[in-house]
Amino acid sequence: MSEVPETELPEHGNDPFRTRCAMLVSLLAMCLAIASLGGNNASKESMSNNILASNAYSFYQAKNIRQTDYKIAADELRIQLANDKFSPAAKALVEKKLEAYEKNIARYESEPETGDGKKELMEKAKAHEHERDIALRQDPWFDYAEALLQIAIVLTSVAILTGAHVLFWVPCALGMLGIFSTINGFLLLI
């Protein structure tokens with residue numbers, strides 16, 4: 001049996017075209033790694049901030065329900081006090097209870113010491129939504145960058161294999177678009 005020779009690319013020594021293509025592939029691969037990292041981070045940021053905003057809104061709703069319960073109870077006590085059917089001692093207890101309810105109502109509205117009042121929770125939720133929205137605007141740019149850079153790498157490989165110098169400029173253009181998309185993903189220039 002005779003051995004079948006392996007197919008190899010011819011040796012061209014120090015071919016400047018292949019060197020340029022190899023450098024382009026290296027640059028594109030580096031940018032692809034950066035775009036992929038940016039895209040993963042943007043996805044995680046959007047998901048994390050969405051959860052945090054949802055939690056803040058849920059906590060806000062719970063505070064609102066509790067506050068409403070206290071408002072209803074306070075209104076009932078005011079109605080009972082208006083009927084004036086209490087002894088002086090009972091009236092003092094009802095007024096004390098009403099005062100405690102009103103303090104709780106105010107505390108649920110705004111609690112700057114702990115940041116857990118409705119006002120502070122709404123601000124937190126809106127801040128998380130804002131961060132989520134930024135990440136959601138960034139993410140597609142990283143997706144575009146990844147696709148453009150991967151196509152550019154494949155086309156550069158084709159240029160190396162075929163030796164077609166014309167094919168070198170197409171991946172260069174796609175690579176520039178991919179690099180711009182990566183930069184725009186981080187900076188949101190447009």
Worksheet entry | Average accessible area per residue (Å²) across the chain - probe 1.4 Å, nucleic acids and ligands excluded | 65 Å²
Worksheet entry | Restraint check, Lys97/Lys119; Lys63/Lys119; Lys71/Lys97; Lys96/Lys119; Lys44/Lys119, Cα-Cα greater than 18 Å | Lys97/Lys119; Lys96/Lys119; Lys44/Lys119
Discussion item. For the chain, set up a GNM with springs between Cα atoms under 10 Å and report which of Asn50, Asn104, Asn14 has the largest fluctuation.
Written reply: Asn14
Worksheet item: For the modelled label position 7 Å from the Cα of Met47 along Cα-to-Cβ, which residues of the range 171-188 have backbone nitrogen atoms closer than 17 Å?
Response: none
Response to the item:
Charge dipole of the range 91-175 built from unit charges on the beta carbon (Lys, Arg +1; Asp, Glu -1), centred at mean Cα; most positive-end Cα among His128, Thr156, Ile105 is Ile105
Response to the item:
Those chymotrypsin sites (Phe, Trp or Tyr not before Pro) from the range 82-141 that are DSSP loop and have at most 15 other Cβ neighbours within 10 Å turn out to be Phe86
Discussion item. What do you get for trypsin sites (Lys or Arg not before Pro) in the range 38-77 restricted to DSSP loop and a cutoff of at most 13 other Cβ within 10 Å of the site's Cβ?
Written reply: none
Fill in: Candidate values (1) 1.22; (2) 0.93; (3) 2.04, label of the one derived for Cα Rg over 2.2 N^0.38 Å
(3)
Discussion item. Could you work out the relative contact order of the chain? I mean the mean sequence separation of Cα pairs under 8 Å and 6+ apart, divided by the number of residues, in percent.
Written reply: 33 percent
Worksheet item: Gaussian network model of the chain, Cα springs within a sub-10 Å range: biggest mean-square fluctuation belongs to which of Ala100, Ala62, Ala89?
Response: Ala89
Worksheet item: Scanning the chain for GluC sites (Glu not before Pro) in DSSP loops with at most 13 other Cβ atoms within 10 Å, what's the longest stretch left with none?
Response: 12-112
Worksheet item: Ser46: net charge of surrounding residues, Cβ under 14 Å, Lys/Arg +1, Asp/Glu -1, itself excluded?
Response: -3
Discussion item. Ignoring ligands, DNA and RNA, please state the percent of accessible area on the chain from carbon and sulfur, probe 1.4 Å.
Written reply: 62 percent
Practice prompt. Evaluate E = 1/(1 + (r/R0)^6) for Lys103 and Ile190, where r is the Cβ-Cβ distance and R0 equals 45 Å; express this FRET efficiency to the nearest 0.05.
Written response: 0.30
Discussion item. Using only DSSP helix segments of four residues or longer, with each worth -39500 (n - 2.57), what per-residue ellipticity at 222 nm results for the chain after dividing by its residue count and rounding to 500?
Written reply: -30000 deg cm²/dmol
Discussion item. Can you give the FRET efficiency to the nearest 0.05 for Phe86 and Asp116, using r as the Cβ-Cβ distance and R₀ = 45 Å?
Written reply: 0.85
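The values are calculated or read from the model by the stated rules, or taken from the named source; none is laboratory data. The structure displayed is predicted, hence computed values, not measured ones. Using ideal geometry, Cβ is built from the backbone for each residue, glycine included, and neighbour counts are taken over all protein chains shown. The area values use the complete protein model at the heavy-atom level, side chains included, leaving out ligands, DNA and RNA. Shrake-Rupley method; radii C 1.70, N 1.55, O 1.52, S 1.80 Å.
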